[in-house]
1. By the gyration tensor of its Cα atoms, with a ≥ b ≥ c the square roots of the eigenvalues, what is the shape of the range 85-138: rounded for a/c under 1.5, prolate for a/b over b/c, or oblate?
2. Order of 74-83, 45-54 by packing, highest average Cβ count within 10 Å first?
3. Could you give the length gained by full extension between residue 95 and residue 129, i.e. 0.36 nm per residue of separation minus their alpha carbon distance, to one decimal place?
4. By how many nm would the segment from residue 139 to residue 37 lengthen if fully extended, with 0.36 nm per residue of separation less the alpha-carbon distance?
5. Stretched out fully, how many nm does the piece from residue 106 to residue 52 gain, at 0.36 nm a residue minus the Cα gap?
6. Order 120, 61, most accessible first, counting only protein heavy atoms with a 1.4 angstrom probe.
Amino acid sequence: MLIRTKSVILFFQLSFCTIIFGQASHFTPAYLSESTNPYLAMNFGVLSATLDNVSLDIGDEIGIFDGDVCVGSAVLEGTFPSPFLPIVASSQDSSWPDGTGFTSGNPISYRIWDASVGIETSSVTAEYQSGFDSAFTPQGSAYVNLSGESSGGEDAEDDCQSGVYDCAGV
């Protein structure tokens, strides 16, 4: 019965995302394939986030990555929340397959999904608040300001060819 209840709840959560944003989230943390509960989570407070010097908008997303593995994400559901946008990232549980959580000490990277144009940006600079973690730490905390830059001009064609961006119709 518990599994059926969890399935129904997950269905309604995904349906809600589809109704609100027209699609499910762009970034899906890998640990969700194993558990809805992150293992030895690291808590992030995103104090601000911009893309090309413009604040993120409803439906935009922030993904937290250990290399190519998404370990946490959040969708902006309104104006940027005060005092911060909370995001939880999962560390690697030894009982899960490799690549489902972060490895302690690894560098943290971020990606931004611009929902209005359907483009993912991996060129994101993080400015961490003093006294908080700036590398993956189980049960750690980080408060961060993010600034992303979408590609344009000379590099845009290279990004399309490299597969960094989905450039259909460009």
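The values are calculated or read from the model by the stated rules, or taken from the named source; none is laboratory data. Not measured: the values here are computed from a predicted model. Cβ coordinates were reconstructed from backbone atoms using ideal geometry, including for glycine residues, and neighbour counts include every protein chain displayed. Just so you know, the surface numbers come from the protein's heavy atoms only, side chains and all, with ligands and any DNA or RNA stripped out. Shrake-Rupley method; radii C 1.70, N 1.55, O 1.52, S 1.80 Å.
1. Values: a/c = 2.39, a/b = 1.31, b/c = 1.83.
Here the range 85-138 falls in the oblate category.
2. Values: 74-83: 13.3, 45-54: 16.2.
Peptide ranking by packing, descending: 45-54, 74-83.
3. Numbers: separation 34, 0.36 × 34 = 12.24 nm, distance 3.30 nm.
Fully extending the segment from residue 95 to residue 129 adds 8.9 nm.
4. Numbers: separation 102, 0.36 × 102 = 36.72 nm, distance 1.33 nm.
Contour length minus the Cα-Cα distance gives 35.4 nm.
5. Working: separation 54, 0.36 × 54 = 19.44 nm, distance 2.68 nm.
Net length gain for the segment: 16.8 nm.
6. Working: 120 40, 61 5 Å².
The ranking, largest first, comes out as 120, 61.
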